[in-house]
1. Need the failing condition index for residue 54 against (1) in contact with a helix residue (DSSP H, G or I) (Cβ under 9 Å, 6 or more places away or on another chain); (2) within 25 Å of residue 202 (Cβ to Cβ); (3) buried (at least 21 other Cβ atoms within 10 Å of the Cβ), just the number.
2. State which residue is farthest from residue 189 (Cα to Cα) when the search covers only region 60-105 and only residues that are of a type outside the set (Gly, Ala, Ser), touching a Ser or Thr at 6+ places or on another chain (Cβ under 9 Å) and surrounded by fewer than 18 Cβ atoms within 10 Å (Cβ to Cβ).
3. Given the conditions (1) under 21 Å from residue 29 (Cβ atoms); (2) assigned to a helix (DSSP H, G or I); (3) within 19 Å of the chain's Cα centre (by Cα), which single one is not true for residue 148?
4. Being surrounded by fewer than 12 Cβ atoms within 10 Å (Cβ to Cβ) and not in a helix (DSSP H, G or I) is the filter here; which residues of region 151-161 pass it?
5. Tell me the residue from 120, 91, 130 that is over 14 Å from the mean Cα position of the chain (by Cα), under 23 Å from residue 164 (Cα atoms) and charged (D, E, K, R), please.
6. What number of residues in region 162-192 are part of a loop (DSSP other than H, G, I, E, B), under 14 Å from residue 116 (Cβ atoms) and not charged (D, E, K, R)?
7. Scan (1) over 21 Å from residue 135 (Cα atoms); (2) modelled with pLDDT of 95 or more for the single condition residue 181 breaks and write down its number.
8. When both residues are 6+ apart or on different chains and their Cβ atoms are under 7 Å apart, which pairs have a first residue that lies in region 50-62 and is over 19 Å from residue 31 (Cβ atoms), and a second that is of a type in the set (Gly, Ala, Ser) and modelled with pLDDT of 95 or more?
Amino acid sequence: MPRTARAAMGGVIYHVYNRGKNGKTLFRSSEDFQAYVELLIEGTSMASVEVFGFCLMPNYWHIILRPRGKSDLSKYMSWVANTHVKRHQARYKRSKGSLYKGRYESLPVQLGGDMIDLLRYIESIPLRARVIKHAADWSWSSLGCDKKLGRQLLSSLPVDRPERWKKLVNKQMDKSVRDRLEVSLKRGSPLGTDAWAAKIATKMGIEHKLRPIGRPKANGAG
């Protein structure tokens, strides 16, 4: 049975991410990274989306984008993913099995401070991974990418960045902010105020993703 299209809402910002199956490497060389950024650019002609930020790492990636229509997120990401897999298999003929762990994940994000926190979080990934000393030194993120590629891919942010952005990205994020972002990632839940998250989850039919992970605690003394 064919898979149904991923539910999405036009005009809503999404945090989209995926990783290689069992840690499989998605990008083996600078040419692979470059080709994927070019795919992201090419894909914007296939669907109406605005890309606001991204970070590519060897075995996973994160993107922040906004589809204009309800089918644009699926059109864009499906085309990018399918084309990437085909080209990867053509280049690395000895690579066996599925490239990705599954379909991409997409989490709605409220416009405002939460979007800015998320952008800072994903642009600082290479720094936290200790592959570079300064976040802007990583060429495969919206912070450090080639300026020409950035102009082709990235849309203007719908909210202002704080001043001295590069310095802020290099600064250690408050644990409470980082924990909140990582809870959203772990649950696959909307990122925003409680009221906004509840409203958007109801509209999308994903209320279950707001529930804490794990079994409920038993009542009484144990």
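1. That leaves (2) as the condition not met.
2. That would be 89.
3. (3)
4. Of region 151-161, the ones surrounded by fewer than 12 Cβ atoms within 10 Å (Cβ to Cβ) are 151, 156, 160.
Hits for region 151-161 are 156, 160.
5. Details: 120 fails: over 14 Å from the mean Cα position of the chain (by Cα); 91 fails: under 23 Å from residue 164 (Cα atoms).
Criteria check complete, one pass: 130.
6. Initially, region 162-192 is screened for residues part of a loop (DSSP other than H, G, I, E, B), giving 162-164, 171-174, 188-190, 192.
This time we only want the ones that are under 14 Å from residue 116 (Cβ atoms), so: 162-164, 171, 173-174, 192.
Then drop every residue that is not not charged (D, E, K, R), which leaves 162, 173, 192.
So the answer is 3.
7. (1)
8. That search, which allows pairs on different chains as well, returns 50/155; 51/155; 52/155; 53/142.
The values are calculated or read from the model by the stated rules, or taken from the named source; none is laboratory data. Please read these numbers as outputs of a predicted model, since none were measured by experiment. Reconstructed Cβ throughout: ideal geometry from the backbone, glycine too, with neighbour counts over all protein chains shown.
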